[in-house]
Amino acid sequence: MAFEWRSKRKLIFLSSFVAIILVVGGIVTFALLPTPSCTDKRLNQDEEQVDCGGLCAPCLSEKADNLIILWSRFFEVRPGVYDVATLVENVNLTIGSGAVPYVFELYDARGERIVSRSGSIYTLPNKQFLVFQANLETGIRVPQRVVFRLDPFVWQLMDEQALPVIISRTVRDFEAERPRLIATLTNSALYDVLNVDVAVVISDASGNAIAVSATRIDKVPDSGTTEAAFTWPHPFPRSSADVRFFIQQRP
């Protein structure tokens, strides 16, 4: 009888010990599990598809095509200092992104990297846009090649932007020692248009970019105008044949 009681006590003790281990293990496991999110590549929360729908951004209605890099160039500002630019196109009609990380890299004749510059830009549906970075310092090394790279980003549903702002007039002085361009932006809407990004590409007769620049206009007043001024520190290397503007509003 005593032996049977001791066996029961051992069994109860062992069962209690195992139960405590399971409870503690469950608590620790639950605590260590990552918090569900819209970027965890898992179908959780109330998502309709992995990482979209429900609490997350709406699921895309179209399969996203990659952004197209049309060209990349570097432009000497003064010895040892360069601007870089890339023209990119988003051919998707209903999707864009509010944050696209990117990297510019300049390389010398030996293929060694001189300098890099990273940043982030937005992309709107069905738009071409200029990515521009100014004043990359290279010291005494002379760049021979520029590399532009897009890092991973998240697409999101967006409406195509119909901006009521146009370039209504330009004043050009491209033959000067310090070329200058003044563009008049006209707003046809009955409301102010804020945070307007204006980029310009000046090309030669062969269609090659010889100068670029970009600026942000804080406000184009309702039914009014605002001027955007661009200047360059040195004469253009070749005669200009085309001036193209890229105007968009930060979403």
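The values are calculated or read from the model by the stated rules, or taken from the named source; none is laboratory data. Small disclaimer: the values here were computed from a predicted structure and weren't measured. Ideal geometry is used to build each Cβ from the backbone, glycine not excepted, and the neighbour counts take in all protein chains shown.
Of these, R78, R42, which one is modelled with pLDDT under 95 and assigned by TED's automatic domain parsing to the domain that holds I121? None of the others qualify; the one that does is R78.
Within the stretch 48-88, the only residue that satisfies the criterion of being under 18 Å from L130 (Cα atoms), without any contact (Cβ under 8 Å) to a residue 40 or more places away in the chain and in contact with a strand residue (DSSP E or B) (Cβ under 7 Å, 6 or more places away or on another chain) is I68. A Cβ distance below 6 Å, combined with a sequence gap of six or more or placement on separate chains, defines the contacts here; from the stretch 236-251, residues that are over 24 Å from L124 (Cα atoms) and without any contact (Cβ under 8 Å) to a residue 60 or more places away in the chain reach residues that are among the aliphatic types (A, V, I, L, M) and part of a loop (DSSP other than H, G, I, E, B) in the pairs A241/A205.
Candidates are the residues of the stretch 118-165 that are β-branched (V, I, T) and under 18 Å from T86 (Cα atoms); the one that is surrounded by the fewest Cβ atoms within 10 Å (Cβ to Cβ) is V147.
Taken over the stretch 120-144, the criterion of being touching a Phe, Trp or Tyr at 6+ places or on another chain (Cβ under 6 Å) and not hydrophobic (A, V, I, L, M, F, W, C) is satisfied by Q133, P143. Here is a check on your reading of the model: is T186 farther than 21 Å from N135 by Cα and not in a loop (DSSP other than H, G, I, E, B)? Taking the combined requirement at face value, the residue satisfies it.
Taken together, the criteria place G139 among residues that are at pLDDT 95 or above and not in a strand (DSSP E or B).
Among residues of the stretch 100-128 that are touching a residue at least 12 places away in the same chain (Cβ under 8 Å) and in a loop (DSSP other than H, G, I, E, B), those with a Cβ under 8 angstrom from a residue that is β-branched (V, I, T) and surrounded by 13 or more Cβ atoms within 10 Å (Cβ to Cβ), sequence gap 6+ or separate chain, pair up as D108/I114; D108/V142; A109/V142; P125/T94; P125/I95; N126/V91. Taking D197 as the residue in question, decide whether it is part of a strand (DSSP E or B) and under 23 Å from the mean Cα position of the chain (by Cα). Yes.
Only one entry in A162, A176, A134 is outside any strand (DSSP E or B) and closer than 17 Å to P233 by Cα, namely A176.
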